[in-house]
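Enquirer: Take this structure, written in structure tokens, and hold onto it; I'll ask about it next.
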Amino acid sequence: MPDADTAEIAERIGRAALAAGLRVAVAESLTSGAVASALGAATEASSWFAGGVVAYAADVKFKVLDVDPGPVVTPRCAAQLARGVARLLGADVAVAVTGVGGPEPDEGHPAGTVYTAVHYPSTEQVRHNVFAGDPAQVVAQATFDALQMLHDLVAA
């Protein structure tokens with residue numbers, strides 16, 4: 001996805017979060033902070049963006065964000081990451097991304113497999129995608145998808 005699209009959706013998330021009085025957090029694995037970076041660059045981010053946790057290693061997911069030990073390329077892991085970071089950072093809404101950036105498969109999943117979750121006290125959604133491309137392209141697509149899911153939640 002083009003950087004301009006990522007920046008624009010982050011701006012829309014910020015406007016919606018401000019209007020609704022929501023505090024936003026992110027938990028990232030394969031995107032390594034790309035989602036947080038986009039949100040942090042948005043207008044007035046200090047008013048609505050709590051921050052994020054880059055939990056790349058499995059043990060960090062387990063110890064810091066209370067993900068159940070086991071496979072981490074799962075919808076369960078994505079949902080637990082979102083819940084865990086919301087609790088840890090005192091956020092109203094959170095988005096989380098986990099998956100296989102590539103170029104090799106992992107945990108029996110092909111490169112490009114991504115699970116994205118959004119958490120809000122009244123709802124939780126998890127989406128599964130398989131993105132094409134090299135690792136950088138997978139990260140870019142996963143970042144945009146996470147921002148889109150977050151936008152859809154906060155703008156509702």
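The values are calculated or read from the model by the stated rules, or taken from the named source; none is laboratory data. Everything quoted here is computed from the prediction, not taken from an experiment. Heads up: the accessible areas ignore ligands, DNA and RNA and are worked out on the full protein's heavy atoms, side chains in. Shrake-Rupley method; radii C 1.70, N 1.55, O 1.52, S 1.80 Å.
Enquirer: Report, by chain and number, residues whose modeled amide H sits under 5 Å from the one on Ala27, excluding near sequence neighbours (fewer than 5 apart, same chain).
Expert: Val53, Val95, Ala96, Val97
Enquirer: Over region 80-134, with every protein chain in place, what whole percent of the accessible area is carbon and sulfur at 1.4 Å, could you tell me?
Expert: Values: 1220 of 2460 Å².
The value for region 80-134 is 50 percent carbon and sulfur by accessible area.
Enquirer: Still on this structure, I have one more. Rounded to the nearest 5, what % of DSSP beta bridges with both residues in the chain are antiparallel? All intermediate terms of the calculation are to be shown ahead of the outcome.
Expert: Numbers: 15 of 25 bridges.
In the chain, approximately 60 percent of DSSP beta bridges are antiparallel ones.
Enquirer: So which residue, out of Glu11, Glu107, Glu28, gets the largest mean-square fluctuation from a GNM of the chain using Cα contacts under 10 Å as springs?
Expert: Glu107
Enquirer: At 1.4 Å probe size, what's the solvent-accessible area of Leu81? Round to the nearest 10 Å².
Expert: We get 0 Å² for Leu81.
Enquirer: Just the accessible area per residue of the chain, please: how many Å² with a 1.4 Å probe?
Expert: On the way: 6800 Å² over 156 residues.
Each residue of the chain exposes 44 Å² on average to a 1.4 Å probe.
Enquirer: At 222 nm, what helix-only mean residue ellipticity would the chain give, in deg cm²/dmol to the nearest 500, using -39500 (n - 2.57) for each DSSP H run of four or more? Walk me through the numbers before you get to the answer.
Expert: Numbers: 6 runs with 72 residues, N = 156.
Result for the chain, helices only: -14500 deg cm²/dmol.
Enquirer: Kirkwood Rh, the chain, all Cα pairs: how many Å? Before the final figure, lay out the partial values.
Expert: Details: mean 1/r = 0.0670 Å⁻¹.
Computed over Cα pairs of the chain, the Kirkwood hydrodynamic radius comes out at 14.9 Å.
Enquirer: Taking the Cα atoms of region 1-81 alone, what are Rg (to one decimal) and Dmax (as a whole number) in Å?
Expert: When restricted to the Cα atoms of region 1-81, Rg and Dmax are 13.9, 39 Å.
Enquirer: Right, something else. For region 114-156, just the Cα set please: Rg and Dmax, both in angstrom.
Expert: 11.3, 36
Enquirer: Follow-up. Tell me, what HN-Hα J-couplings in whole Hz come from the Karplus equation 6.51 cos²θ - 1.76 cosθ + 1.60 at θ = phi - 60° for each residue of region 71-80, using x for Gly and Pro?
Expert: x, 10, 9, 8, x, 4, 4, 4, 5, 5
Enquirer: At q = 0.15, 0.25, 0.27, 0.30 Å⁻¹, what is the log10 ratio I(q)/I(0) for region 84-129, with the Debye formula run over Cα points and no solvent?
Expert: Reported log10 I(q)/I(0), two decimals: -0.47, -0.82, -0.88, -0.99.
Enquirer: Quick one: what are the phi-derived ³J(HN,Hα) couplings along region 132-142, Karplus 6.51/-1.76/1.60 with θ = phi - 60°, whole Hz, x for glycine and proline?
Expert: My calculation for region 132-142 gives 8, x, 6, x, 5, 5, 4, 4, 4, 5, 5 Hz in order.
Enquirer: Under the Karplus relation 6.51 cos²θ - 1.76 cosθ + 1.60, θ = phi - 60°, what is the ordered set of whole-Hz ³J(HN,Hα) values for region 40-48, x standing for Gly and Pro?
Expert: The phi angles translate into x, 7, 6, 4, 6, 4, 5, 8, 9 Hz.
Enquirer: When all C-alpha to C-alpha distances in region 70-156 are sorted into bins of 5 Å, what percent of pairs does each bin hold, rounded to whole numbers?
Expert: Spelled out per bin, shortest first, that is 3, 17, 25, 23, 17, 10, 4, 0.
Enquirer: Let me ask another. Taking square-rooted eigenvalues a ≥ b ≥ c of the alpha carbon gyration tensor, is region 32-116 rounded, prolate or oblate, where a/c under 1.5 means rounded and, failing that, a/b exceeding b/c means prolate?
Expert: Oblate, since a/c reaches 1.5 and b/c is not below a/b.
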